[in-house]
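Have a look at the structure below, then the notes.
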């Protein structure tokens, strides 16, 4: 994506990513994690603020740090990194709320031309996967890295 991104850290397996959101609310630690599902080669993308008390991701927190485009671009860059290491991985994502799922859909819509160069993008509607179409509402998303 052509937006500015935060630098992130990851470990050798490239399943866990961390970066810091910087804005009016301060420096907020963000986490992106990819975890295997019960379906072979399908990984769930989890994203949110780091919750110190739970030592885990809080995917319901609302940061409002004025950098949502930069944060989403950073999350997208972790998908590129993850699928570079695991090219056969299918990445599943949905928001923790309807509003967040809508935000993800808007991010895909606004960057679909660029994303579609590298990924096949699907949306889940009425328990069926279909090619992602601009203007449609989806419950979840699936991206699959194209073979080159």
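Rule-based calculations on the coordinates, nothing more; no lab input. Everything numeric here is computed off the predicted structure, so don't read it as measured data. A quick note on method: Cβ atoms are made from the backbone with ideal geometry, for glycine too, and the neighbour counts reach across all protein chains shown.
So which residues in the range 6-18 are surrounded by 15 or more Cβ atoms within 10 Å (Cβ to Cβ) and over 20 Å from residue 86 (Cβ atoms)?
6
Considering the conditions (1) in contact (Cβ under 8 Å) with a residue 40 or more places away in the chain; (2) out of contact with any helix residue (DSSP H, G or I) (no Cβ under 8 Å at 6 or more places or on another chain), residue 31 is excluded by exactly one of them, (1). Out of 116, 46, report the one residue that is farther than 25 Å from residue 22 by Cβ, without any contact (Cβ under 8 Å) to a residue 60 or more places away in the chain and out of contact with any helix residue (DSSP H, G or I) (no Cβ under 7 Å at 6 or more places or on another chain). Sole residue among the options that is farther than 25 Å from residue 22 by Cβ, without any contact (Cβ under 8 Å) to a residue 60 or more places away in the chain and out of contact with any helix residue (DSSP H, G or I) (no Cβ under 7 Å at 6 or more places or on another chain): 116. Residues considered: 48, 23. Of these, the only one that is out of contact with any strand residue (DSSP E or B) (no Cβ under 8 Å at 6 or more places or on another chain), over 20 Å from residue 86 (Cα atoms) and surrounded by 11 or more Cβ atoms within 10 Å (Cβ to Cβ) is 23.
Exactly one residue out of 10, 94 is in contact with a strand residue (DSSP E or B) (Cβ under 7 Å, 6 or more places away or on another chain) and closer than 29 Å to residue 136 by Cβ, and it is 94. None of 75, 143, 79, 134 is in a strand (DSSP E or B) and either over 14 Å from the mean Cα position of the chain (by Cα) or under 20 Å from residue 37 (Cβ atoms) (or both) except 143.
Quick check on the range 128-139. Is at least one of its residues under 24 Å from residue 23 (Cβ atoms) and out of contact with any strand residue (DSSP E or B) (no Cβ under 6 Å at 6 or more places or on another chain)? Checking the range 128-139: not a single residue is under 24 Å from residue 23 (Cβ atoms) and out of contact with any strand residue (DSSP E or B) (no Cβ under 6 Å at 6 or more places or on another chain). Of everything listed in (1) in contact with a strand residue (DSSP E or B) (Cβ under 6 Å, 6 or more places away or on another chain); (2) in contact (Cβ under 8 Å) with a residue 40 or more places away in the chain; (3) over 23 Å from residue 89 (Cβ atoms); (4) surrounded by 15 or more Cβ atoms within 10 Å (Cβ to Cβ), the single unmet condition for residue 70 is (1).
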